[in-house]
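K.L.:
Okay, here's the structure, questions in a sec.
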Amino acid sequence: MKKLRTISDIQNHLDNELRWRIQEIANLKKVIPLVDSIQTRSLLRAGIPILYAHWEGFVNIWILTPKAIII
């Protein structure tokens, strides 16, 4: 992780982390209506661990980010 020196750096880092996670979930959400019912069920089941992983990953980044600050 690069050194985050300002509040703006921290905010940008957290925004970027959240942005790609939201985009990945949005992409999955767009695909679900386009597939047949068997694939839909599979994607919905797979979506649960994906949502949890993104939530857990973002919380982890949010908690670890202060360790990267150098004042």
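The values are calculated or read from the model by the stated rules, or taken from the named source; none is laboratory data. Just so it is clear, the model here is predicted, and its values are computed rather than measured. Virtual Cβ from ideal backbone geometry, glycine too; neighbours counted across all protein chains shown.
K.L.:
Residue pairs, Cβ under 8 Å, 6 or more apart or interchain, first in the range 29-44 and assigned to a helix (DSSP H, G or I), second at pLDDT 90 or above and among the polar types (S, T, N, Q). List them.
P.N.:
32/40; 33/40
K.L.:
Show the residue pairs that are 6+ apart or on different chains and have beta-carbon atoms under 8 Å apart, the first residue being within the range 48-63 and on the phi < 0 side of the Ramachandran plot and in a helix (DSSP H, G or I), the second being at pLDDT 90 or above and of a type in the set (Lys, Arg).
P.N.:
Once the first residue is on the phi < 0 side of the Ramachandran plot and in a helix (DSSP H, G or I) and sits in the range 48-63, its partners that are at pLDDT 90 or above and of a type in the set (Lys, Arg) give 54/21; 57/21; 58/21.
K.L.:
Could I ask something else about it? Only one of (1) in contact (Cβ under 8 Å) with a residue 24 or more places away in the chain; (2) in contact with a Leu (Cβ under 9 Å, 6 or more places away or on another chain); (3) of a type outside the set (D, E, K, R) fails for residue 18. Which number is that?
P.N.:
(2)
K.L.:
Moving on to the next point. Mind listing whichever residues of the range 9-34 are small (Gly, Ala, Ser) and under 17 Å from residue 61 (Cβ atoms)?
P.N.:
none
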